């Protein structure tokens, strides 16, 4: 190995081959990308769960105010929750 194909490591360690250094940079980039994807999916999921919980609270209040509307409120809540789940799933599929 010639001296020009070695890259000095930070902290005064032993030099490593240039190809190894490039592979480490690519690997680090891939890891950072995956971490960003996981954080994004987690954030979207958490927001959707918060919206679903809010919807359930509002539904409970509306049912208390209008007991006759229970079936309609259940349908609205279930449809909305299913749409939230689809949106989160689609987002996860698109970013990964």
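Read-outs: derived from the displayed coordinates by stated rules, not from any lab. Worth saying up front: this structure is predicted, and the values here are computed from it rather than measured. No Cβ is skipped: glycine too gets one built from the backbone with ideal geometry, and neighbour counts run over all protein chains shown.
Values as computed for the structure displayed
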{"item": "Cβ-derived FRET efficiency at R0 30 Å, residue 32 paired with residue 6, nearest 0.05", "result": "0.75"}
{"item": "Nearest-ten-degree value, helix 70-95 long axis tilted from longest Cα axis of the chain", "result": "10"}
{"item": "Gain in span if fully extended, residue 56 to residue 25, counting 0.36 nm per residue against the direct Cα distance", "result": "6.5 nm"}
{"item": "Helix 18-65 axis, angle to the chain major axis (alpha carbon atoms, nearest 10°)", "result": "10"}
{"item": "Measure of compaction for the chain (Cα Rg per 2.2 N^0.38 Å)", "result": "2.05"}
{"item": "Residue-span extension gain [residue 90 to residue 47] - 0.36 nm each, minus C-alpha spacing", "result": "14.0 nm"}
{"item": "Fluctuation leader among 75, 38, 55 - the chain, Gaussian network, Cα springs under 10 angstrom", "result": "75"}
